[in-house]
Amino acid sequence: MNERDYETPEQAVVMVPANYPQAIRRAGGIPILLTEGDDVEALLDRLDGIIIAGGRDVDPARYGEEPHERTDNLRPEQDTWESALIATAIERDLPLLCVCRGHQLLAVERGGRLHQHLPETPGYEEHGATGGEWSNHVVEIEPNSRLGSILGTNVIGNSGHHQGVADAGDLTIVGRTEDGLIEALELPEASFLLSMQWHPEMLNQTKIFDALIEAARA
């Protein structure tokens, strides 16, 4: 169920699927849910690592485009706050994991842009699934990448998204699906930054969270 199903015009919600905190606990970390609008600098003074999770579409105004008719559920305030979290975490070299929407927002923050609706994007018409449905696919990972050292060079990803990264900005592309969609990104100068379109917390890819917690302890 989408988070907007719980919202009213006067009241937004702060929530994340239980898979995320469960994965962090299993890896030995303590999960803390951050609320939109909190002071970014003060928050990051107290944290050892951060995850930017999945969720609603990113406002295309952030990368200079008008919304596609299927781009909806926008919240520019959330985009701005989470982008500040990303930028400040990178500036501080704080361990950072970006998943699904987080992966897309990271790319936009670093100068990239998105495919707004994959089913109408040439070459990606058969990619993914939406509306509560999911599909699985193979992701080819670069062998000399940090992600490759953690998961190997051939992993199963899942799709429940209709948007995807079209331009990765200044990030390094380290994973693609068979149809060529950008599925994993890294920033080589960062001590620990992993970004992926699929959901490792849903696929029991525990090594991702083990690596995040290990980096947070360093």
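The values are calculated or read from the model by the stated rules, or taken from the named source; none is laboratory data. Everything numeric in this text was worked out from a predicted model, so none of it was measured. Note that each Cβ is placed from the backbone with ideal geometry, even for glycine, and that neighbours are counted across all protein chains shown.
I want to confirm something. Restricting to the range 16-35 and keeping residues that are part of a loop (DSSP other than H, G, I, E, B) and in contact (Cβ under 8 Å) with a residue 24 or more places away in the chain, which single residue is farthest from residue 207 (Cα to Cα)? If you could, list the steps in order and put the result at the bottom.
Going through the range 16-35, the residues part of a loop (DSSP other than H, G, I, E, B) turn out to be 16-18, 27-35.
Among the residues that remain, those that are also in contact (Cβ under 8 Å) with a residue 24 or more places away in the chain are: 16-17, 27-29, 34.
On the way: 16: 21, 17: 19, 27: 8, 28: 12, 29: 13, 34: 23 Å.
So the residue we want is 34.
Could you list, in sequence order, the residues of the range 58-75 that are under 17 Å from the mean Cα position of the chain (by Cα) and modelled with pLDDT of 95 or more?
58, 59, 60, 62, 63
For the range 84-104, give me the residue count where each residue is outside any loop (DSSP other than H, G, I, E, B) and surrounded by 19 or more Cβ atoms within 10 Å (Cβ to Cβ). Steps first, answer last, please.
To start, the set of residues in the range 84-104 that are outside any loop (DSSP other than H, G, I, E, B) comprises 84-92, 96-99, 101-104.
So of that shortlist, the ones also surrounded by 19 or more Cβ atoms within 10 Å (Cβ to Cβ) come out as 85-86, 89, 96-99, 101-104.
Count: 11.
In the set 48, 38, which member is more than 23 Å from residue 196 (Cβ to Cβ) and either touching a residue at least 12 places away in the same chain (Cβ under 8 Å) or surrounded by fewer than 17 Cβ atoms within 10 Å (Cβ to Cβ) (or both)?
38
Out of all the residues in the range 3-16, is one or more modelled with pLDDT of 95 or more, surrounded by 10 or more Cβ atoms within 10 Å (Cβ to Cβ) and hydrophobic (A, V, I, L, M, F, W, C)? Walk me through it before giving the result.
Step one: filter the range 3-16 for residues modelled with pLDDT of 95 or more, giving none.
No, the range 3-16 contains no residue that is modelled with pLDDT of 95 or more, surrounded by 10 or more Cβ atoms within 10 Å (Cβ to Cβ) and hydrophobic (A, V, I, L, M, F, W, C).
Report those strands (runs of 3 or more DSSP E) wholly inside the range 137-218 carrying at least 2 residues which are touching an Asp or Glu at 6+ places or on another chain (Cβ under 7 Å) and crowded, with 20+ Cβ neighbours inside 10 Å. Walk me through it before giving the result.
On the way: elements: 154-159, 164-167, 172-177, 182-186, 193-196.
Output list reads 172-177, 193-196.
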